[in-house]
Amino acid sequence: MSSSETEADSDSSSSNNDSLSITKMLLDEPSEDDCCTKMSRDLVQTTTIHVPMIVSTMFKGKKRAHGGSTPGRRYIHRDRKERHNLIIHDYFKGKHSKYTADHFRRRFRMDVELFNRILQEIGNYDDYFTQKVDAVGKEGLSPLQKMIAAMRMLAYGCPADLLDEYVQIGESTTIESLKHFCDAVIGVFEQQYLRKPNEDDISRLLQEGEDRGFPGMLGSLDCMHWHWKNCPTAWHGTYTNGFKRVPTLILEVVASKSLWIWHAFFGMAGTNNDITVLDRSPLFDDLINGVAPPCKFVVQGHQYNMGYYLSDGIYPQYATLIQSISQPSSLKEKIFSEHQEAVRKDVERAFGVLQSRWHIVKGPARMWNSKDLGKIMKTCIILHNMIIESECTQGMNPESWQPHGDERFEDVHLEHDYSFLVSRMIDRMKQVQDKRVHKDLKSDLINHIWDLYGGQHAT
């Protein structure tokens, strides 16, 4: 038999087999139960594979309506309770702590007693600083962990995710804790530790100034710039300082010898100078409105009714500002300039201590919102004053302090004649900006300094 005949027989046999199998499939119809079972199995398999992919694609990067984890992210297990106990063992076991009180003060800028006081007060103020339990019964972060995360960011200016390894706290939770901490500190302690000087404070400041050769001095005035790294690009032209060449925010401060900060005005754009900041500042508002506590002193037999601040040469010649003499023409003026510049360094020292304690205001600011930066700056200033008081350099007892209920209303008289009220405000403004009084006061101070220290230079 030829090869062609053999191939023809094989093809015919295979076609017959195929036709028989197709016929058998058509004749042997499956039962209804088998079809439903197969369809159900295929539907479940398809749903298991494709639905999670569709859901994760639709909600990737989006928060749930009521919070919770972001779909598509990997869950990181953090043993918060164990880390809380470790922190207690490291710092809060008294003499049995792993690290000494000096270590704690260096790392948290304050002693343990002040730290615990702040923790207790902010816990009473804000429910955020209470330990909560989630729906599955797992304990959340303790108030101690949240405060330590916020304090470390303020003290070291470190990135938020750097604290995850020690505190076991996520980056977003660290930023959230910092914002709540700032709000709580401002809400609890601002009235006491960032207050305007009352009558007792002014009496103490006047005595302090007289002891240093400047009767009537209430402190030193100056400004500093804080580099805003994450300033929006559209705002660079408004906030970029001509000298710094980077976007900045300005802080105006009045500080005394103890480095206590009595006045803080923050938020002006870096394109402004000290004069324009002073024009917007509320430093002289109480004086202009007639509600400032009385401040009277005598220099060289002349009586003055307004205290003054020492400033540098850029500030205007107001009756409430005393500058140095850039080019003294006599020995008397030279001695005055030396003492004025030496005493005025109080505010420079205050800036240095503030930045060395809280590195977050020394380095570039990484927040996007200027209001958040303002809260951070105010919090650092309040904590700065609390530390000064805790170190007893000011000689005040924080437990015995309480606001004077009548000090804000004693000299306030409501006026219904608004034209008369405005005219009085204008008159007080003219008194504050009176150049003649400025020259007379400066001349009296020059003679006063000469009477005190001129004999030492003459010999």
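Some observations on this one:
- Condition check for TYR128: of a type in the set (Ser, Thr, Tyr) and assigned to a loop (DSSP other than H, G, I, E, B): no
- Picking from residues in region 281-302 that are under 20 Å from ARG212 (Cβ atoms) and touching a strand residue (DSSP E or B) at 6+ places or on another chain (Cβ under 8 Å), the one that is surrounded by the most Cβ atoms within 10 Å (Cβ to Cβ) is CYS295.
- Taking region 100-116 as the range and being closer than 19 Å to TYR193 by Cα, in a helix (DSSP H, G or I) and open to solvent by 50 Å² or more (accessible area, probe 1.4 Å) as the test, the residues that pass are GLU113, ASN116.
- Of the residues making up region 215-248, just one is in contact with an Asp or Glu (Cβ under 9 Å, 6 or more places away or on another chain) and either farther than 27 Å from ARG349 by Cβ or without any contact (Cβ under 8 Å) to a residue 60 or more places away in the chain (or both), namely CYS223.
- Residue in region 273-280 that is crowded, with 20+ Cβ neighbours inside 10 Å, touching a His at 6+ places or on another chain (Cβ under 8 Å), more than 17 Å from GLU190 (Cβ to Cβ) and of a type in the set (A, V, I, L, M) present: no
- Yes/no for PRO316 being more than 21 Å from ALA350 (Cβ to Cβ) and of a type outside the set (Ser, Thr, Tyr): yes
- Scanning region 326-378 for residues that are more than 30 Å from TYR453 (Cα to Cα) and hydrophobic (A, V, I, L, M, F, W, C) gives LEU354, TRP358, ILE360, VAL361, ALA365, MET367, TRP368, LEU373, ILE376, MET377.
- Of all residues in region 187-232 being part of a helix (DSSP H, G or I) and among the small types (Gly, Ala, Ser), the one that is nearest to ALA292 (Cα to Cα): SER203
- Restricting attention to region 433-451, the residues that are crowded, with 17+ Cβ neighbours inside 10 Å, more than 14 Å from LYS334 (Cα to Cα) and either of a type in the set (Lys, Arg) or within 40 Å of the chain's Cα centre (by Cα) (or both) total 4.
- Contact map, region 71-85: first residue under 12 Å from LYS138 (Cβ atoms), second residue of a type in the set (A, V, I, L, M, F, W, C) and open to solvent by less than 60 Å² (accessible area, probe 1.4 Å), Cβ cut-off under 9 Å, separation 6 or more or different chains; pairs are ARG78/LEU141; ARG78/ILE169; ARG80/LEU141; ARG80/VAL167; ARG80/ILE169.
- Residue, least open to solvent (accessible area, probe 1.4 Å), within region 196-221, restricted to residues that are of a type in the set (Lys, Arg) and within 31 Å of the chain's Cα centre (by Cα): ARG204
- Condition check for SER329: over 21 Å from MET153 (Cβ atoms) and assigned to a loop (DSSP other than H, G, I, E, B): yes
- Flag if TYR308 is open to solvent by less than 40 Å² (accessible area, probe 1.4 Å) and closer than 18 Å to ASP211 by Cα: yes
- Of all the residues in region 155-173, those that are assigned to a helix (DSSP H, G or I), surrounded by fewer than 23 Cβ atoms within 10 Å (Cβ to Cβ) and of a type outside the set (D, E, K, R) number 7.
The values are calculated or read from the model by the stated rules, or taken from the named source; none is laboratory data. Here the structure is a predicted model, which is why all the values come from computation and not from measurement. All Cβ positions, even for glycine, are placed from backbone atoms using ideal geometry, and neighbour counts span all protein chains on display. The protein model used for the area step is the full one, side chains on, heavy atoms only, and it has no ligands, DNA or RNA in it. Shrake-Rupley method; radii C 1.70, N 1.55, O 1.52, S 1.80 Å.
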